[in-house]
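Structure first, commentary second.
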Amino acid sequence: MDSKDLIWFQEVCRCKSITKAAASLFITPQGLSRGIRNLETELGVVLLERTPNGISLTPYGESLYKSSDVLLKDFKEILSEFEMLKQQERGFLRVCSSYGVFRILGPDFIFRFEEQNPDISLDYMEYPDLYVEEEIGKENFDVGFAVGPVKNPELEVIPMFSSPVSLLVYEGHPLSGRDRVRFSDLEGEALILESRAFKIHQLVREYCRAAGFEANIIFNTSGFSLCHKLTAQKRGISVIVDRISDDMTKQGMKRIPFEDAFRWEVKMICKEKFRNFRHIRKWKDYTMEALGKQKS
């Protein structure tokens, strides 16, 4: 069955008119009628009846229309699995990651994988946290490193590692003399945070609300380094990931641990249906071994 003919059939059912459906699909009525006839011939049944008021569905047409969304979804999933298999045959593996993860893992993490798997051509990109889940969900990438929480039920989620978060302040700030802080101490403070596309932004807002106030975010950035730069310029203070910031915190700045903070949690994710595909399995096993974790 040609999925195109089925999509055309759906549009005719919705419009209840060959002419209107053809206009919606930007094709000629003759071409649309030919596609419907092809579908009827393939199935061996009559799907539509022409009437003076347009078209009506036969019992066969009603049955097909009810099942058409499921059929198209299944067809799309089959094609995506075929594409994944083709990529494996060609030796491709597409990896995406939240910003900062490869900074922690280090460049040798990639180099060693490529050395150990010369048959695999690795393509990897970095994105803000929310984009990683979207890209994996859309199957634009095969496997990814995302920042939790991950809520998509279609994804396999494997915990990788985590990091504390701290408050970053400049020397002379009223909180700079403290050894520890709580989120309640941030009320009214000018905060410089990564944008809404990053989980840390959302979590800081949630913790401030739990403390009874709205976070006063004066500037949203697209990277960790700008949080440090603007804090050093005394434009405000920031909440940072310790493991990413180990080599960024300079003289004149101070990191202060939170007593009540969340942790920055990194998860490895892939579509559940692809979890045991050969190239993905190799990447997962390599990563688990590199991090000293038990293989799943």
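The values are calculated or read from the model by the stated rules, or taken from the named source; none is laboratory data. Only a predicted model underlies this, so the values are computations on that prediction, with no experimental measurement involved. Note: ideal-geometry Cβ built from the backbone for every residue, glycine included; neighbour counts use all protein chains shown. For accessibility, only protein heavy atoms count, side chains too; no ligands or nucleic acids. Shrake-Rupley method; radii C 1.70, N 1.55, O 1.52, S 1.80 Å.
For the range 226-251, the set of residues classified as out of contact with any Gly (no Cβ under 9 Å at 6 or more places or on another chain), open to solvent by 10 Å² or more (accessible area, probe 1.4 Å) and farther than 30 Å from residue 159 by Cα consists of 229, 233, 235, 250, 251, listed by residue number. For residue 100, the criteria (1) at pLDDT 90 or above; (2) within 20 Å of residue 275 (Cβ to Cβ); (3) in contact with a helix residue (DSSP H, G or I) (Cβ under 7 Å, 6 or more places away or on another chain) hold in every case but one, which is (2).
Name the one entry in 77, 81, 62 that is more than 21 Å from residue 266 (Cα to Cα), open to solvent by 20 Å² or more (accessible area, probe 1.4 Å) and over 26 Å from the mean Cα position of the chain (by Cα). It would help to see each step written out before you state the result.
Numbers: 77 fails: over 26 Å from the mean Cα position of the chain (by Cα); 81 fails: over 26 Å from the mean Cα position of the chain (by Cα).
62 is the lone residue from the list that is more than 21 Å from residue 266 (Cα to Cα), open to solvent by 20 Å² or more (accessible area, probe 1.4 Å) and over 26 Å from the mean Cα position of the chain (by Cα).
Is it the case that residue 269 is modelled with pLDDT of 90 or more, of a type outside the set (Asp, Glu), more than 15 Å from residue 144 (Cα to Cα) and open to solvent by less than 10 Å² (accessible area, probe 1.4 Å)? So residue 269 fails the test. When the residues of the range 80-97 are filtered to those that are touching a strand residue (DSSP E or B) at 6+ places or on another chain (Cβ under 6 Å) and modelled with pLDDT under 90, the one that is nearest to residue 134 (Cα to Cα) is 92. Residue count for the range 108-136 under the criterion of being part of a helix (DSSP H, G or I), touching a residue at least 24 places away in the same chain (Cβ under 8 Å) and open to solvent by 50 Å² or more (accessible area, probe 1.4 Å): the result is 4. Within the range 152-176, the residues that satisfy the criterion of being more than 21 Å from residue 227 (Cβ to Cβ) and open to solvent by 70 Å² or more (accessible area, probe 1.4 Å) are 153, 154, 159. The single condition from (1) touching a residue at least 24 places away in the same chain (Cβ under 8 Å); (2) over 30 Å from residue 279 (Cα atoms); (3) not in a strand (DSSP E or B) that residue 80 fails is (2). Mind checking whether some residue in the range 210-220 is surrounded by 19 or more Cβ atoms within 10 Å (Cβ to Cβ) and either at pLDDT below 95 or assigned to a helix (DSSP H, G or I) (or both)? No, the conditions are met nowhere in the range 210-220.
Checking every residue in the range 95-107 against the condition of being surrounded by fewer than 14 Cβ atoms within 10 Å (Cβ to Cβ) and either without any contact (Cβ under 8 Å) to a residue 12 or more places away in the chain or over 30 Å from residue 288 (Cβ atoms) (or both) gives at least one match. Candidates are the residues of the range 239-272 that are of a type in the set (Val, Ile, Thr) and more than 28 Å from the chain's Cα centre (by Cα); the one that is farthest from residue 173 (Cα to Cα) is 249.
The set of residues in the range 1-47 being open to solvent by 30 Å² or more (accessible area, probe 1.4 Å) and in contact (Cβ under 8 Å) with a residue 60 or more places away in the chain consists of 1, 3, 7. Report yes if some residue within the range 180-194 is open to solvent by 10 Å² or more (accessible area, probe 1.4 Å), in contact with an Asp or Glu (Cβ under 7 Å, 6 or more places away or on another chain) and of a type in the set (Lys, Arg); otherwise report no. Taking every residue of the range 180-194 in turn, at least one turns out to be open to solvent by 10 Å² or more (accessible area, probe 1.4 Å), in contact with an Asp or Glu (Cβ under 7 Å, 6 or more places away or on another chain) and of a type in the set (Lys, Arg).
Is it the case that the range 137-151 has a residue that's closer than 30 Å to residue 231 by Cβ, part of a helix (DSSP H, G or I), open to solvent by less than 30 Å² (accessible area, probe 1.4 Å) and touching a residue at least 60 places away in the same chain (Cβ under 8 Å)? Scanning the range 137-151 turns up no residue that is closer than 30 Å to residue 231 by Cβ, part of a helix (DSSP H, G or I), open to solvent by less than 30 Å² (accessible area, probe 1.4 Å) and touching a residue at least 60 places away in the same chain (Cβ under 8 Å).
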